[in-house]
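Everything below concerns the one structure shown next.
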Protein chains: 6
Amino acid sequence: MQAGVGAKKVSESEISTVRLMMPTDANVSGNVFGGAIMRYMDEIASIVAFRHSGKKVVTASIDRMNFYRPVYIGDLLIMKAAVNYVGKTSMEVGVRIEAQNPKTGEVSHTGSCYLTYVALDADGKPTPIPKVIPETPEEKKRYGQAEARRRTRKAEVESEKRDD
Amino acid sequence: MQAGVGAKKVSESEISTVRLMMPTDANVSGNVFGGAIMRYMDEIASIVAFRHSGKKVVTASIDRMNFYRPVYIGDLLIMKAAVNYVGKTSMEVGVRIEAQNPKTGEVSHTGSCYLTYVALDADGKPTPIPKVIPETPEEKKRYGQAEARRRTRKAEVESEKRDD
Amino acid sequence: MQAGVGAKKVSESEISTVRLMMPTDANVSGNVFGGAIMRYMDEIASIVAFRHSGKKVVTASIDRMNFYRPVYIGDLLIMKAAVNYVGKTSMEVGVRIEAQNPKTGEVSHTGSCYLTYVALDADGKPTPIPKVIPETPEEKKRYGQAEARRRTRKAEVESEKRDD
Amino acid sequence: MQAGVGAKKVSESEISTVRLMMPTDANVSGNVFGGAIMRYMDEIASIVAFRHSGKKVVTASIDRMNFYRPVYIGDLLIMKAAVNYVGKTSMEVGVRIEAQNPKTGEVSHTGSCYLTYVALDADGKPTPIPKVIPETPEEKKRYGQAEARRRTRKAEVESEKRDD
Amino acid sequence: MQAGVGAKKVSESEISTVRLMMPTDANVSGNVFGGAIMRYMDEIASIVAFRHSGKKVVTASIDRMNFYRPVYIGDLLIMKAAVNYVGKTSMEVGVRIEAQNPKTGEVSHTGSCYLTYVALDADGKPTPIPKVIPETPEEKKRYGQAEARRRTRKAEVESEKRDD
Amino acid sequence: MQAGVGAKKVSESEISTVRLMMPTDANVSGNVFGGAIMRYMDEIASIVAFRHSGKKVVTASIDRMNFYRPVYIGDLLIMKAAVNYVGKTSMEVGVRIEAQNPKTGEVSHTGSCYLTYVALDADGKPTPIPKVIPETPEEKKRYGQAEARRRTRKAEVESEKRDD
């Protein structure tokens, strides 16, 4: 099922999932917490990272997320997550979030986000990850964009550390 | 207690809080989910936004967050949140996250994040927010940095929408 | 998108989802509660029933489920749910449960279950449901089997009521 | 307190319990999830199985359950669970579920269900269970009915495995 | 079933319940939080108060509780709750807590506690409660002790208010 | 940072925290369970005890708490916790609870409570705790009051044990 030693296809680890938004997910106004969505997003993305690497993983960063529209209790949260890019010991997972009103069937794009995970060995040290093989044009486009984001992130972390 | 009609001091709404990390916050490796931290961060920051504006608020964006170090079950999560900047109907809240190992007492900086909230009126439409009065040099510095981040964010949202 | 007034395809409402088994899902021995699995199964199946009928639904029965193998904390629970059969005001949703060990990638069949939902109108009374259109040979086979199970269930409910 | 080596009375392990139905137990319509009831049922029945056998237990099957009436947030869920029958390494526990509206005091029968547990030794292998001693006429009737259900279940599992 | 207008027997509202202590109930050391036990105790005692009064109730006070022994994850928490005494608009509910190690079957007394509830009418104002009829010698003894505690409590609340 | 071997200032371990009351914290009437407040109170107080002692701690008793006013979903629960007094192996932590209506900004005193913790060594046996140094007049007043409460508690435990 694997595309060679140290390399896996995007499709081997990608996940699509659906979750019903419950009262515990929302603030008192009935809007689902942006943070609740990020919690579910990290859960699903870390599963993708675990599946791709076969290792214990830890979240290194979560990119900025814009919430285009509010999500409400009773909505279905649809999440699609896949590995976009793999570095030496870290990988970027992209998640697309949609909300569906199950009464009308209407689906709207809530937002998208990129999460970076580091794979760890048994001693908790960063450890190499199998390469990823983008196959479709969409996967190849995402691979290139993720590589660019990675350079931006590295520059920002450096600058943050100087200000800290 | 209020510093004039339509204006409040940063200190009037800021919050400091502590939370014990429990088994439900962590993945199977015992590391607290980055997303779990963002969940708590959004809860506390939305309280600050609610206190400042006196209105129902909704999360518009959560900025990128780098996790400098993993947080573990049993650690104390210390969160300090304050309004950095206020626009017409939106405001930026900054949160600084620290983790304390209660056994050794050692505190480490986990990361910092900026969240943007929009205030809503009774019909769910954006509504004006009282200005914020930064008083200390630190608050004034944060005000200026938040204003710059706001411009970057606006540019990025425009560009994302074109790619969508 | 709809296949005619009062009729929808199976594929219009079916759902596939993945969930990470957490410490709260398991008993003290580390085995996931069979009942926890049924809780998630009912959540996902009721979403399918809601999507198909466009109405508020209530669980009328959950069929017997055999757990072929135990599921453990850290496993991924993969659930696939689809409408099998539609009566006048009730419908059967089938769920197939698989567990994946994310370390080895190995997937095993945990069990399958059939749930019956009744659609309700605004007064909480049973209300007609759109017919379902099975398209693939697999969907057609499931339709026939569900029709048979429905007859068995009706007979059993009658007999239970006499013994009550 | 024990009725001989390898034998215990039904009354030594039976449990009656009451639980308040909370917002987290219900779907958006305010009806308690059938699956939520099965979750609580499995928790209480596995305690009975643990008490009777004195061993770690795992759910082998949960029989079909008909929900005669919906249960609502604010209702009390009354559960009565007892060992019905014991085989060599497995046992059937029966649970009767009633819902009480605490305002009116009215109690209605929600449904009943039979769960089968296997006792496991330290290596996770099935291990012998003490016999059960039915004492009252009701307990004796349940023992006989459980023995009959057991034969039906065995036949069904065989047939399911062939279809799998 | 009721023993006269404005009077109910203790046995009409008393409850016995069992709950399995889960990882979410315990601190990092594996001891169940005393506060978690008080949470469950208040849930069950408020059900008793609701059943006795047939009204919405609110917790007015929870008496001091000594935890004689720690409770651990995997223990069964056995709670027995009954109305001890009824005043004009408030009533005392007593709860006895025991912990059972389900492996050894050993039961130990964890502690006992007295909770006071006020019954509220539709406007949220205190409203009269039916009298309670203690029948057994034990119930009569508890009635007298509760009456004495009530006097002590009233004196203490007065004194606390002066110090506040 | 420590004020001598075996002695710490009150300010070294005290905590102030804020928590948003959610639907899961309340009974069906929308009032937050008194027991839910005690759960959070014990969580925060046990952190203070852990910080002061640097040891694993277990709740020995929770004093009586009067709820002066109901707390509602959507209120902010403000908790301030500090060590009041230290004995040989046990310490008293005081918690002051306030509720804030975030819309009006109004803060009211919900109640105050005293919790006693015992520090445990690696074998689970009581172990000595560093002394506490009260510095402000308020801290000194609380120290004296706590010492008096301790004597009362010891007398009561003795008397309870005789009645048990």
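The values are calculated or read from the model by the stated rules, or taken from the named source; none is laboratory data. On a predicted model such as this, the values are computed, not experimentally measured, just so you know. Every residue, glycine as well, gets a Cβ built from its backbone with ideal geometry; the counts of neighbours run over all protein chains shown. Note: areas computed on protein heavy atoms with side chains; ligands, DNA, RNA excluded. Shrake-Rupley method; radii C 1.70, N 1.55, O 1.52, S 1.80 Å.
Overview of values
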read-out	value
Principal axes of the stretch D:32-78: Cα extent on each, largest first, Å	35, 21, 13
At 7 Å out from Cα toward Cβ: E:Ser16 inter-copy label distances (nm, ascending)	0.7, 4.9, 5.1, 5.1, 5.3
Prolate/oblate/rounded call for the stretch B:8-163, Cα gyration tensor, a/c under 1.5 rounded	prolate
Chain pair A, B: total accessible area buried, heavy atoms, 1.4 Å probe, Å²	3000
Charge dipole of the stretch F:8-163 about the Cα centre (unit charges at C-beta), most positive-ward option of F:Ile44, F:Leu120, F:Ile97	F:Leu120
Residue among F:Val86, F:Val118, F:Val58 with the largest mean-square fluctuation in a Gaussian network model of chain F, springs linking Cα atoms under 10 Å	F:Val58
Within chain A, helix-based [θ] at 222 nm, where runs of 4 or more DSSP H residues each add -39,500 (n - 2.57), nearest 500	-10000 deg cm²/dmol
Positive minus negative residues near F:Gly35 (Lys, Arg vs Asp, Glu; Cβ under 12 Å)	-2
Rg ratio (alpha-carbon, reference 2.2 N^0.38 Å) - the protein assembly as shown	0.96
Calculated FRET efficiency for the pair E:His109/C:Ala148, C-beta based, R₀ 56 Å, to 0.05	0.50
Student exercise, the stretch D:16-58 dipole from Lys, Arg, Asp, Glu Cβ charges, in Debye to nearest 20	240
Enclosed volume per residue, in Å³, of the convex hull spanned by Cα atoms of the stretch D:11-62	90
Neighbour net charge for E:Ala122 - beta-carbon separation under 13 angstrom, K R +1, D E -1	+2
Dipole magnitude of the protein assembly as shown about its Cα centre (Cβ charges: Lys, Arg +1; Asp, Glu -1), debye to nearest 20	0
Distant-in-sequence amide H partners of B:Phe67 (H built 1.01 Å from N, under 5 Å)	A:Ser61, A:Ile62
C-alpha long axis of helix B:137-163 to longest principal axis of chain B, angle in °	80
Hits among lysines - C-alpha to C-alpha of C:Lys8 under 19 Å, sequence gap 8 or more where chains match	A:Lys103, C:Lys55, C:Lys56, C:Lys80, C:Lys88, C:Lys131, C:Lys140, C:Lys141
Between the stretch F:64-86 and the stretch A:118-163, the alpha-carbon center distance in angstrom	46
Cβ-based net charge around D:Glu139, under 14 Å, with every Lys or Arg adding one and every Asp or Glu removing one	+2
Three-way shape label, the stretch F:51-100, alpha-carbon gyration tensor, a/c 1.5	prolate
Selected from E:Asn84, E:Val107, E:Ile62, residue furthest toward positive end of dipole (chain E; charges at beta carbon)	E:Asn84
Computed E for F:Tyr72/D:Thr24 - FRET, C-beta separation, R0 25 angstrom, nearest 0.05	0.85
Size of electric dipole in chain B: Cβ of Lys, Arg +1 and of Asp, Glu -1, about Cα centre, debye, nearest 20	380
